[in-house]
Amino acid sequence: LTAKASGASPRALVQGLQAGLRFQLGKIDVKTAAAAALSGVDITLDLPGIAKPPSLKGQLVYNKQQIALNVGLDPLDKVLAGETFNLKANLVSKLLEVSYDGLVQQQPLPGLDGRFDLNSPSVGKLAAWLGQPLDKNQPDPGPLKVAAVLKAEGQKVELQEARIQGKALDAVASGSVDIGGDVKKIALDVKAGMLDIDAYMPPPEKKKAAAA
């Protein structure tokens with residue numbers, strides 16, 4: 001950890017704070033099964049000053065697979081003041097990619113205003129990697145892709161459109177939460193262009209042969 005600051009008052013001192021942190025761990029020995037899968041951490045945090053944009057970059061090893069993490073956002077003084085701020089974040093691994101690019105609204109109703117993407121080449125392999133394997137009789141649902149556009153404006157947040165696609169799935173969803181009136185309004189609409197339930201369910205058990 002390295003840090004420095006200068007200023008004629010406590011407030012100026014905080015505003016002038018600059019810091020860098022690098023956190024590394026290898027061969028982690030932990031007791032819980034979920035945490036035990038984490039075998040390496042290398043995270044670098046850059047804080048050039050409270051009035052300048054910070055960034056975080058990291059490399060993790062989880063369940064023998066590497067994960068890359070990148071986060072960037074507006075200056076901390078804007079975030080800490082409760083204002084709407086920009087956020088760009090992505091997580092990349094062999095079995096999962098997740099990203100968000102847009103605004104984060106903090107008041108009066110927390111919400112996102114931007115684009116969210118999720119992509120996995122295999123839901124079955126992803127579940128096993130995360131320590132929650134599917135039933136051995138259940139087929140792998142295959143790839144999954146989610147692309148969502150979100151909107152946050154004052155007292156209303158919206159899921160303008162979310163496209164969910166898979167091997168036997170193609171659906172579009174939209175919805176909103178509105179706290180502007182006397183009664184909170186929640187709406188959700190899902191339209192499935194294609195949905196083959198059998199592709200996501202375990203095969204039926206074979207009937208036992210009749211006794212001779």
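The values are calculated or read from the model by the stated rules, or taken from the named source; none is laboratory data. What you see is a predicted model, and the numbers here were worked out from it, not measured in a lab. Cβ sites come from the backbone with ideal geometry, for glycine too, and all protein chains shown count toward neighbours. SASA here: full protein model, heavy atoms, side chains in, ligands and nucleic acids out. Shrake-Rupley method; radii C 1.70, N 1.55, O 1.52, S 1.80 Å.
Structural remarks
- Modelled label positions at Ser176 and Asn119, each set 7 Å beyond Cα in the direction of Cβ, lie 3.1 nm from each other.
- When all protein chains stay in place and ligands, DNA and RNA are ignored, the 1.4 Å accessible-area order of Val104, Val172, Val183, largest first, is Val183, Val172, Val104.
- Region 129-212: GluC sites (Glu not before Pro) in DSSP loop, at most 13 other beta carbons within 10 Å: Glu205
- Computed over region 89-212, the convex hull of the alpha-carbon atoms projects to a mean area of 11.4 nm².
- Positive-end residue, region 156-199 charge dipole about Cα centroid, Cβ charges, pick of Ala199, Ala168, Val157: Val157
- Remark on Asn63: its backbone amide H falls under 5 Å from those of Leu38, Ser39, a criterion applied only to residues 5 or more positions apart or on other chains, H modelled at 1.01 Å from N.
- Over 19 Å (Cα to Cα) - which of Lys57/Lys88; Lys94/Lys151; Lys145/Lys184 fall in this group: Lys94/Lys151; Lys145/Lys184
- Unit charges at the beta carbon, dipole of region 77-130: most positive-side option, Ala127, Phe85, Pro110: Ala127
- Potential lengthening between Ala168 and Leu80 on full extension [0.36 nm per residue; Cα-Cα distance subtracted]: 27.3 nm
- Within region 115-212, trypsin sites (Lys or Arg not before Pro) in DSSP loop having at most 10 other beta-carbon neighbours inside 10 Å: Lys136, Lys206, Lys207, Lys208
- The residues packed around Thr84, meaning those with a beta-carbon under 11 Å from its beta-carbon, carry a net charge of -3 if Lys and Arg are +1 and Asp and Glu are -1.
- Net dipole in debye of region 75-177 [+1 Lys, Arg Cβ; -1 Asp, Glu Cβ; about Cα centre; nearest 20]: 300
- Segment Asp101-Asp198, extension gain: residue separation times 0.36 nm, minus the distance between their alpha carbons: 31.4 nm
- Between the beta carbons of Gln160 and Ile186, assuming R0 = 22 Å, the FRET efficiency works out to 0.90 to the nearest 0.05.
- Region 84-154 shape via C-alpha gyration tensor axes, a/c threshold 1.5: prolate
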